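Shown next, in structure tokens, is the structure this report addresses.
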Amino acid sequence: VAVYRRPPLHYAPRRCGDMAMKMDMASATFSLRNWTVTVRGNHVYGRISGPSHRLDVGIHGSGDAAARCLPHGIVGQSFASATPRTGKIDEYPRAGSITTSAMAEGAIQGTAAMYELPSPYQ
């Protein structure tokens, strides 16, 4: 007779060299030196079509993390200064659909089109 054991709700933290990893029911946290990346699974609310789940990714730098390398790319530029970078913000309607116009305007150098790649694997 097979005995079913429910998996634990909290998994023991793991280490691999300088990297530490911690998993919970719907999230994983990876820490490497002064950087922490958290990935959380979540539902897509108000979904019309497409996937019903999404991944929310948070990146946090502490100490001298941003000073150790030149910031580049859309994510990297958010760590380029000690003050918040707030760009253009879309206005969301109470009902109906929205097409974004902000595209990080004012929060990044240049335009969003400068960061587009010709294919997903470049």
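The values are calculated or read from the model by the stated rules, or taken from the named source; none is laboratory data. Quick caveat, the model's predicted, so the values are computed rather than measured. Positions of Cβ are generated from backbone atoms using ideal geometry, with glycine treated the same way; all protein chains shown enter the neighbour counts.
For the stretch 48-63, the tally of residues that are assigned to a loop (DSSP other than H, G, I, E, B) and either farther than 25 Å from residue 28 by Cβ or free of Cβ contacts under 8 Å to residues at least 24 places away in the same chain (or both) stands at 5. Any residue that is touching a helix residue (DSSP H, G or I) at 6+ places or on another chain (Cβ under 7 Å) and either over 24 Å from residue 20 (Cα atoms) or not assigned by TED's automatic domain parsing to the domain that holds residue 17 (or both) - is there at least one of those in the stretch 89-99? No, the stretch 89-99 contains no residue that is touching a helix residue (DSSP H, G or I) at 6+ places or on another chain (Cβ under 7 Å) and either over 24 Å from residue 20 (Cα atoms) or not assigned by TED's automatic domain parsing to the domain that holds residue 17 (or both). Among the residues making up the stretch 66-79, those that are surrounded by 10 or more Cβ atoms within 10 Å (Cβ to Cβ) and under 17 Å from the mean Cα position of the chain (by Cα) are 66, 71, 72, 74, 75, 76, 77, 78, 79. Contact map, the stretch 77-93: residues that are aromatic (Phe, Trp, Tyr) paired with residues that are assigned to a loop (DSSP other than H, G, I, E, B), Cβ distance under 9 Å, separation 6+ or inter-chain. Pairs shown: 79/65; 79/71; 92/98.
Conditions: (1) loosely packed, with under 11 Cβ neighbours inside 10 Å; (2) modelled with pLDDT under 85; (3) within 24 Å of residue 39 (Cβ to Cβ). Residue 52 meets all but one. Number of the miss? With (1) loosely packed, with under 11 Cβ neighbours inside 10 Å; (2) modelled with pLDDT under 85; (3) within 24 Å of residue 39 (Cβ to Cβ) applied to residue 52, the lone miss is (2). Could we say that residue 104 is under 28 Å from residue 122 (Cβ atoms) and either at pLDDT below 85 or out of contact with any Cys (no Cβ under 7 Å at 6 or more places or on another chain) (or both) here? Yes, satisfied.
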